[in-house]
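Visitor: After the structure tokens below, expect a handful of questions from me.
Every number here is computed from the coordinates shown, using simple stated rules; none is lab data. The structure displayed is predicted, hence computed values, not measured ones. Here Cβ is always computed from backbone atoms with ideal geometry, including for glycine, and neighbour counts include all displayed protein chains.
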Amino acid sequence: MTAPFVDVHAHFVTPSYIREATAAGHVHPDGMDQWPVWSAEAHLELMDRHGIDTALLSMSSPGVHFGDDAAARRLARQVNEDAAGLAAEYPGRFGFFASVPLPDVDGSLEEIAYGIDHLGADGVVLMTNALGKYLGDSSFEPVFAELDRRRAVVFLHPTSPVCWEQSALGRPRPMVEYIFDTARTVTDLLMSGVIARHPNLTVIVPHCGGALPVLADRINEFMTQFLGSQSAGPNALEQLRRLYYDLAGPAMPRQLPALQQLVPPDRLLFGSDYCWTPLPVAGTHIAAIDAADPPTEGATWRSLTTTNARRLFPGLAHQPLH
């Protein structure tokens with residue numbers, strides 16, 4: 001190992017969160033057979049085994065809003081305080097992205113302030129849609145304006161689309177639907193002008209951009225040739241190059257090379273997707289990245305993605321590998 005990784009796409013779950021999500025109907029979350037089992041000790045074991053220095057924890061789908069604003073606010077506060085506790089207990093090993101209760105805008109603004117100012121969150125995690133509202137929805141503008149004002153990092157995470165009963169073919173939604181819901185919400189951010197209006201906003205797109213590397217030229221053509229005044233800001237390719245992308249999932253041998261055709265090397269970050277990606281599968285993905293051709297002369301995927309992450313998160317304490 002030439003350098004330790006910084007993992008920007010890492011998840012945790014707690015028994016209390018699983019109880020609330022299950023009570024809200026998420027018995028088989030996003031069509032998966034069961035909830036994963038997570039502990040800080042098991043997560044640190046994965047990190048030490050595979051050379052991961054620091055992991056930024058976040059809540060995965062289905063997020064914290066199950067239909068009731070007040071309950072969502074309480075759950076967001078609970079999971080954020082849990083994450084902050086882990087970061088304090090294991091300094092240098094865990095950071096976190098704060099969850100917010102979208103589509104509740106007022107509650108989200110309150111939790112952004114609490115998570116960043118009081119708990120020391122490294123950024124904010126947003127699901128790709130909030131109860132069917134995609135992130136370019138005009139009602140979310142106060143949230144993005146505040147995140148831009150704070151120069152915040154936003155980590156996107158896919159969730160099931162509202163039409164999953166018809167579109168998911170009876171299969172787990174992470175297999176295909178996550179990939180397209182990521183492309184759907186980023187396209188909405190482009191078309192609505194959110195990215196163009198908020199140049200201080202940093203967005204991390206998961207899973208090598210989902211379907212975006214394949215769709216980018218098509219989206220750009222529609223924005224520049226067909227839709228005219230209906231689109232906002234510079235063309236799609238210029239805006240997509242501003243975003244960051246993590247390598248979570250089976251990035252090699254096909255998806256990462258496609259992403260490299262779209263964005264420069266300084267926009268690439270490492271992600272394990274643990275604990276929703278089980279330890280043996282996460283290990284296979286990491287081994288494939290380590291075995292891949294170097295991204296640039298004189299760099300490895302470890303050194304490149306870690307340099308990018310530490311530039312993006314200068315507050316991360318650099319600790320030697322445990």
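Visitor: Taking the beta-carbon count within 10 Å as an exposure proxy, list TYR17, TYR178 from fewest neighbours to most.
Guide: Ascending Cβ contact count within 10 Å gives the list TYR17, TYR178.
Visitor: So what's the net charge close to SER192: Lys and Arg +1, Asp and Glu -1, counting the other residues with Cβ under 11 Å from its Cβ? Could you put the intermediate results ahead of the total?
Guide: Numbers: positive: ARG197; negative: ASP137, GLU141, ASP188.
That works out to -2.
Visitor: Less than 12 Å Cβ to Cβ from ALA72, Lys/Arg counted +1 and Asp/Glu -1: what total charge do the surrounding residues give?
Guide: Neighbourhood net charge equals -4.
Visitor: So what's region 1-124 giving for Cα Rg divided by 2.2 N^0.38 Å, two decimals?
Guide: For region 1-124, the normalised Cα radius of gyration comes out at 1.08.
Visitor: Which values, in whole Å and largest first, are the semi-axes of the equivalent ellipsoid of region 1-48 obtained as the square root of 5 times each eigenvalue of the Cα gyration tensor?
Guide: They are 28, 11, 9 Å, listed largest first.
Visitor: For region 5-312, just list the percent of Cα-Cα distances falling in each 20 Å bin from zero outward, please.
Guide: 35, 61, 4
Visitor: Still on this structure, please answer the following. Would you mind putting 289-295, 147-153, 183-189 in packing order, based on average other-beta-carbon counts within 10 Å, highest first? Intermediate values should be presented prior to the final figure.
Guide: Numbers: 289-295: 13.6, 147-153: 17.7, 183-189: 23.3.
Most protected by this proxy first, the peptides run 183-189, 147-153, 289-295.
Visitor: Also, quick follow-up: Using a 10 Å cut-off around each Cβ, can you sort GLU89, GLU297 from fewest to most neighbouring Cβ atoms?
Guide: GLU297, GLU89
Visitor: Further question: With +1 on each Lys and Arg Cβ and -1 on each Asp and Glu Cβ, and nothing else charged, work out how big the dipole of the chain is about its Cα centre, in Debye to the nearest 20.
Guide: 500 debye
Visitor: Where does the charge balance sit around GLY107 when Lys and Arg score +1, Asp and Glu -1, over other residues with C-beta under 9 Å from its C-beta? Please report the intermediate quantities before stating the final value.
Guide: Numbers: positive: ARG73; negative: ASP69, ASP104, ASP106, GLU110, GLU111.
Its environment carries a net charge of -4.
Visitor: Continuing with this model, one more query. Along the positive direction of the dipole of the chain (beta-carbon charges: Lys, Arg +1; Asp, Glu -1; about the Cα centre), which of LEU56, PRO4, SER139 reaches farthest?
Guide: So the residue we want is PRO4.
Visitor: Could you work out how far the C-alpha centroid of region 67-98 sits from that of region 263-311, in angstrom?
Guide: Comparing the Cα centres of region 67-98 and region 263-311, I get a distance of 26 Å.
Visitor: Would you compute, from DSSP H runs of 4+ residues alone, the mean residue ellipticity of the chain at 222 nm, taking -39500 (n - 2.57) per run and dividing by the full residue count, rounded to the nearest 500?
Guide: Theoretical 222 nm ellipticity from helices: -12000 deg cm²/dmol.
Visitor: I've got another one for you. Taking the DSSP beta bridges in the chain as the whole, what percent of them are antiparallel, to the nearest 5?
Guide: Percentage antiparallel, nearest 5: 10.
Visitor: Oh, and also: By count of other Cβ within 10 Å, fewest leading, how are ARG77, ARG242 ordered?
Guide: ARG242, ARG77
Visitor: Could you tell me which of ALA288, LEU44, GLY123 has its Cα farthest along the dipole of region 5-312 towards the positive end, charges placed at Cβ (Lys, Arg +1; Asp, Glu -1), taken about the Cα centre?
Guide: ALA288
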